[in-house]
Structure formats: structure tokens, C-alpha cells
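S.K.: Encoded as C-alpha cells, here's the structure I'll be asking about.
The values are calculated or read from the model by the stated rules, or taken from the named source; none is laboratory data. Worth saying up front: this structure is predicted, and the values here are computed from it rather than measured. With ideal geometry, Cβ positions are generated from the backbone for all residues, glycine too; neighbour counts draw on all protein chains shown. Ligands, DNA and RNA are stripped out before the accessible areas are found, and what is left, the full protein with its side chains, is counted by its heavy atoms. Shrake-Rupley method; radii C 1.70, N 1.55, O 1.52, S 1.80 Å.
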Amino acid sequence: QVQLAESGGGLVQAGGSLRLSCAASGIFFSGNAMGWYRQGPGKQRELVCRITRNDNTNYIDSVKGRFTISRDNSKNTVYLQMNSLKPEDTGVYYCNVERGVISYWGQGTQVTVSS
């Protein structure tokens, strides 16, 4: 079965950096687009960024220039490098892959940015 396991979250001061990882299993990793979502306190889950199987990327405006998504197909892992973190980046970050009409999620990793 498909499994996604996020890691790398934590507590960081504003302006700091974190690198999230998501290890995938049970899928043909290199053939799938992967996404990072987040859900802040009292907010709906939102798409943060996405990387296609051809390494094309897109980001929401609020993270452009600060976050970078990448993938290592040899390790079945997608990464999210987050720099210049802001308190509004606080939330649970989830890895996502879609196969047809089914969407798979990891358990999430907490990112807390203190001011």
C-alpha cells in the first residue's frame, strides 16, 4: 500500500530554516507528481507547492523565493527546503500524492515558527 512518511519539522525562530523530507513507498515514485500541503491553526489545509515527474515546480505566492521543493527519485523522497521562515508558516505540513481519484497523505510534521 501507499505510505508517505514526513520528517524534519520542529521549532525555529523567525528567519530560520528547516528542511522537510517525505519518504514514499508503494508507488512508482518517479512517475508521480508530489505535493506539500500545510494546515495552520484554525485554517484549512492548503497546497504549498508541487513538483511534477518532470521536475516542474509551482508555489503559492506567499512562499515563492523562500521555499524550494525537490525530489530524489533514487531515494523515493521529496524535500521541502524552507528559508526565511515566518510565524505565518506555522502549521502541520503534509506530503501528498494522487493516483487517479485517490489522494494519499502522510501523518504530517509540525512546523512552529516563533516571532
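S.K.: Quick one: what pairs do we get from the range 30-45, first residue within 13 Å of VAL111 (Cβ to Cβ), second part of a strand (DSSP E or B) and of a type in the set (Val, Ile, Thr), C-beta under 7 Å, 6+ apart or different chains?
M.R.: Listed pairs, sorted by first residue: TRP36/VAL48; TRP36/ILE69; TYR37/VAL48; ARG38/VAL48; ARG38/VAL92; GLN39/VAL92.
S.K.: Give me the residue from the range 73-99 that is under 17 Å from ALA23 (Cα atoms) and of a type in the set (A, V, I, L, M, F, W, C) and, out of that set, surrounded by the fewest Cβ atoms within 10 Å (Cβ to Cβ).
M.R.: My answer is VAL92.
S.K.: Right, another one. If you take the residues in the range 29-59 that are outside any strand (DSSP E or B) and closer than 16 Å to CYS95 by Cβ, which one is most open to solvent (accessible area, probe 1.4 Å)?
M.R.: Selected residue: ARG53.
S.K.: May I ask you to list pairs of residues, at least six apart or on different chains, whose Cβ atoms are under 6 Å apart, with the first in the range 80-102 being of a type in the set (Phe, Trp, Tyr) and the second being open to solvent by 30 Å² or more (accessible area, probe 1.4 Å)?
M.R.: TYR94/TYR37; TYR94/TRP105
S.K.: Let me ask something additional. Quick one: SER70 ticks every box in (1) open to solvent by less than 40 Å² (accessible area, probe 1.4 Å); (2) not in a loop (DSSP other than H, G, I, E, B) except a single one, so which number is it?
M.R.: (1) is the only condition that SER70 fails.
Matching residues to (1) at pLDDT below 95; (2) within 18 Å of VAL2 (Cα to Cα); (3) of a type in the set (Val, Ile, Thr):
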{"site": "ARG38", "(1), (2), (3)": "no, no, no"}
{"site": "GLN44", "(1), (2), (3)": "no, no, no"}
{"site": "VAL48", "(1), (2), (3)": "no, no, yes"}
{"site": "PHE67", "(1), (2), (3)": "no, no, no"}
{"site": "ASP72", "(1), (2), (3)": "no, yes, no"}
{"site": "ASN96", "(1), (2), (3)": "no, yes, no"}
{"site": "SER103", "(1), (2), (3)": "yes, yes, no"}
{"site": "GLN107", "(1), (2), (3)": "no, yes, no"}
